[in-house]
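The values are calculated or read from the model by the stated rules, or taken from the named source; none is laboratory data. Since the model is a prediction, treat every value here as computed from it, not as a measurement. For neighbour counting, all protein chains shown are included, and Cβ atoms are generated from backbone atoms with ideal geometry for every residue, glycine included. In case anyone asks, the SASA skips ligands and DNA or RNA and just uses the protein heavy atoms, side chains included. Shrake-Rupley method; radii C 1.70, N 1.55, O 1.52, S 1.80 Å.
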Amino acid sequence: MIGKFLSAAALIVVAGPAVAAVTVVGNSAAQSCYQAAAATVLLRDDIGVCDRALNEEALTPYEEVATLVNRGILKLRDGRTDSAIADFDAAIARDPDQAEAYLNKGVALSKKDGWANALPLFTLAIEKKTSRPALAYFGRGMAHEITGDVRSAYSDYKMASTLEPTWDRPVEELSRFTVKRN
């Protein structure tokens, strides 16, 4: 039962809008790549737009890292998990403080290798101040729960719910818990 539950939760985390796209401003392919990653639907040439930005535009270091993260999100949405992880790794190699790269890689690893391997990435995303802390806490809660650390899972779901009170998913997870006072 718990495996079925966690698989469904992984799909919910990944299937929604962009996990944590990195903003690029202006009028460029890099900016179009960001818009595609922030959208809820993958269009046929979205990844190609990101490729063009990386291969043909003179990007700042920030824009290059952002475009790698955003292309990774699109690849993940397209089911190309290994390639997405490679983009997140490339972004981290260029900017080890890019929180969204860790968050998105955590989501990708949770799909590929299981939640235990994703746990430290969610923690790094939180420490590095991700723009989506509720999602990072939720992912870390899932990872804690699958590895048997129910107390930490509860705390992380609670934090996710506190950070984004209108997001139903953490509340649903919390409803499965019974808190007993010692």
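What is the angle, in °, between the Cα long axis of helix 2-15 and the longest principal axis of the Cα atoms in the chain? Nearest 10 is fine, range 0 to 90.
30 degrees
Given the DSSP H assignment, sum -39500 (n - 2.57) over each helix run of at least 4 residues in the chain and divide by its residue total; what's the result at 222 nm in deg cm²/dmol, nearest 500?
Calculated mean residue ellipticity at 222 nm is -22000 deg cm²/dmol.
Would you indicate which of (i) 16.6, 52; (ii) 16.5, 62; (iii) 15.9, 45 is the value of Rg and Dmax of the Cα atoms in Å derived from the coordinates of this structure?
Correct label is (ii).
Tell me the trypsin sites (Lys or Arg not before Pro) within the stretch 63-169 that lie in a loop according to DSSP and have at most 15 other beta-carbon atoms within 10 Å.
LYS129
Report in % the part of the accessible area of the chain that belongs to carbon and sulfur, leaving out ligands and nucleic acids; probe 1.4 Å.
In the chain, the share of accessible area belonging to carbon and sulfur is 52 percent.
How high is the relative contact order of the chain, in percent, with contacts defined as C-alpha pairs under 8 Å that are six or more residues apart? Spell out each step's value before the answer.
Details: 278 pairs, mean separation 27.9, N = 182.
It comes to 15 percent, rounded to a whole number.
In the stretch 36-182, if the dipole is taken from +1 on Lys/Arg beta carbons and -1 on Asp/Glu beta carbons about the Cα centre, which of ILE85, ILE146, ILE126 is farthest to the positive end?
Positive-end residue among those listed: ILE146.
Calculate, for the chain, the solvent-accessible area per residue in square angstrom, rolling a 1.4 angstrom probe over the heavy atoms of the protein chains.
Per residue, the chain has 50 Å² of solvent-accessible surface.
Rounded, prolate or oblate for the stretch 93-134? Axes are the square roots of the Cα gyration tensor eigenvalues, ordered a ≥ b ≥ c, and the cut-off for rounded is a/c under 1.5. Don't skip to the answer; put the middle values down first.
Working: a/c = 2.11, a/b = 1.50, b/c = 1.41.
It is prolate, given that a/c is not under 1.5 and a/b is the larger ratio.
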